[in-house]
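Asks: For reference, the structure I am asking about is given below.
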Amino acid sequence: MKITRLTVYQVDLPLEHPYWLSAGRLKFECLDATLIKVDTDAGITGWGEGTPWGHTYVPAHGPGIRAGIETMAPFVLGRDPRKLLDVERAMDLALPGHLYAKSPIDMACWDIAGQAAGLPIADLMGGCSRTPRPIASSVGAKTIEETRAIMERYRARGYVAHSVKIGGDVARDIARIRDVEARKRDGEILLYDVNRGWSRAQALQVMQACPQVTFEQPCETLDDIAAIARKHAAPVSVDESLVTLQDAARIARDGLAEVFGIKLNRVGGLTKAARIRDIALAHGIDMFVMATGGTVLADTEALHLAATIPDDACRAVWACQDMITVDIADGRGPRNEGGHLHLPEAPGLGVHPDEAALGQLRAIYEMAE
Ligand code: MG
């Protein structure tokens with residue numbers, strides 16, 4: 001089987017509500033999504049998506065994905081998409097780094113490989129759990145009142161896991177955490193996501209005031225987190241600083257975090273993320289899984305990886321579909337059911353978009369005759 005054509009679309013994904021990352025540092029209103037259709041000479045078509053959370057959150061750029069695909073296309077065309085490691089090495093040779101540009105191609109190849117094998121991606125990756133995964137909400141807010149309102153909106157949709165964005169003013173952070181904890185319901189999974197918003201001193205202040213809660217990415221770098229994480233009694237999660245396999249190895253070996261937040265677009269796709277998963281499992285580290293952002297396709301990619309994690313090590317998946325106002329798959333694919341996502345049983349990814357809903361056709365790359 002050979003890859004014969006790459007078709008690239010760009011889609012704007014407006015957010016239903018304006019979203020503030022960690023205490024109002026950054027406002028987001030629309031995501032720039034890249035969808036890629038990968039055709040083969042066997043008549044099987046795969047789909048991939050790359051949707052960074054804007055371009056001010058981490059080093060990832062919507063237009064950069066499309067430029068990266070243009071650069072990598074000659075190295076990918078003609079390859080067998082079922083040989084995921086061949087495709088991965090071709091992309092890494094063509095364009096070192098730029099992992100976020102690679103994840104859509106990797107995702108589409110997994111989709112094709114699953115369809116060719118007659119298996120959902122998660123089963124092709126080695127077998128998996130059918131336990132529905134709780135969806136973590138994303139509570140981007142500035143005040144106590146806004147936080148309460150957003151969390152109640154998600155609870156009304158059945159959500160039992162919440163990622164509350166904090167990080168900025170220490171007194172306000174402590175007040176918001178205490179308010180959320182006071183209203184916590186039985187069985188809820190809560191994570192306080194700092195998004196790198198604290199200095200080391202600020203982190204220590206909040207950790208001392210709130211010793212029982214889990215913080216995610218409290219400071220900018222792994223060195224910062226190494227300096228403060230052992231002073232916190234409860235687990236620490238790392239996501240923005242978890243990019244490469246070397247990062248995962250260092251965090252695990254040095255005991256910098258007890259939870260990984262694996263972002264598929266950030267780490268370069270399922271192929272690379274599966275290795276990070278295995279490092280986590282080998283070291284007793286729990287996981288949250290998310291694509292980073294995007295449509296139901298991206299959510300489904302994250303769900304497949306989450307399904308390959310033993311139930312007791314997978315805390316939740318984060319899904320973006322309830323935050324955006326467009327649906328490129330007309331209700332198909334895994335959707336929120338009582339705050340959970342159920343793995344699709346169809347071969348491959350299990351959901352494809354409506355091409356008519358995909359906005360702008362940006363490029364077509366074809367194998368030379
Ligand atoms: Mg995070």
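Asks: Choose one answer from Thr131, Thr271, Thr308: the residue with the largest mean-square fluctuation in a GNM of the chain with alpha-carbon springs under 10 Å.
Replies: Answer for the Gaussian network model of the chain: Thr131.
Asks: Then there is this: Output the 0 to 90 degree angle, nearest 10, between the alpha-carbon long axis of helix 170-182 and the longest principal axis computed from the alpha carbons of the chain.
Replies: Between helix and principal axis, roughly 80 degrees.
Asks: Here's something else I'd like to know. Running Debye on the chain with equal point scatterers at the Cα sites and no solvent, what base-10 log of I(q)/I(0) appears at q = 0.10, 0.14 Å⁻¹?
Replies: These q points yield log10 I(q)/I(0) values of -0.58, -1.14.
Asks: Would you mind telling me the antiparallel percentage of the DSSP bridges in segment 123-341, rounded to 5?
Replies: Percentage antiparallel, nearest 5: 10.
Asks: If neighbour count is taken as other Cβ atoms inside 10 Å, put Asp193, Asp278, Asp39, Asp106 in order from fewest to most. Write out the running numbers ahead of the final one.
Replies: Details: Asp193 29, Asp278 14, Asp39 21, Asp106 25.
Ordered from fewest to most neighbouring Cβ atoms within 10 Å, Asp193, Asp278, Asp39, Asp106 come out as Asp278, Asp39, Asp106, Asp193.
Asks: Can you run phi through the Karplus equation (6.51, -1.76, 1.60; θ = phi - 60°) for segment 58-68 and list ³J(HN,Hα) in whole Hz, with x for Gly and Pro?
Replies: The phi angles translate into 9, x, 8, 9, x, x, x, 4, 5, 5, x Hz.
Asks: For segment 287-296, what does the Karplus curve 6.51 cos²θ - 1.76 cosθ + 1.60, with θ = phi - 60°, yield as ³J(HN,Hα) per residue in whole Hz, taken in order and with x for Gly and Pro?
Replies: So the Karplus estimates, Gly and Pro as x, are 9, 9, 10, 8, 6, 2, x, x, 8, 4 Hz.
Asks: If I fit a long axis through the Cα atoms of helix 99-117 and take the longest principal axis of the Cα atoms of the chain, what angle between them do I get, 0 to 90°, rounded to 10?
Replies: Between helix and principal axis, roughly 60 degrees.
Asks: Restricting to DSSP loop positions (anything but H, G, I, E, B) with no more than 15 other Cβ atoms inside 10 Å of their own Cβ, which trypsin sites (Lys or Arg not before Pro) remain in segment 176-265?
Replies: For trypsin sites (Lys or Arg not before Pro) across segment 176-265 that sit outside H, G, I, E and B with at most 15 neighbouring Cβ atoms in 10 Å, the list reads Arg183, Lys184, Arg185.
Asks: Let me know the charge dipole size of the chain about its Cα centre in debye, to the nearest 20, where only the beta-carbon of Lys, Arg (+1) and Asp, Glu (-1) is charged.
Replies: Values: 40 positive and 49 negative charges, 155 e Å.
Roughly 740 debye, rounded to the nearest 20.
Asks: Quick one: which residues, 5+ away or cross-chain, put their amide H under 5 Å from the amide H of Gly261? H built at 1.01 Å from N.
Replies: Val238, Asp239, Phe288
Asks: Take the cross-link list Lys102/Lys142; Lys27/Lys263; Lys37/Lys165; Lys231/Lys272 and give me the ones stretching past 24 Å between alpha-carbons. Could the numbers behind the result be given before it?
Replies: Working: Lys102/Lys142 34 Å; Lys27/Lys263 20 Å; Lys37/Lys165 34 Å; Lys231/Lys272 31 Å.
Over 24 Å apart, Cα to Cα: Lys102/Lys142; Lys37/Lys165; Lys231/Lys272.
Since every read-out is calculated from the coordinates, none of them should be taken as a lab result. Being a predicted model, the structure only gives us computed values, none of them experimental. When we count neighbours, we look across all protein chains shown, and the Cβ atoms used for this are built from the backbone with ideal geometry, even at glycine.
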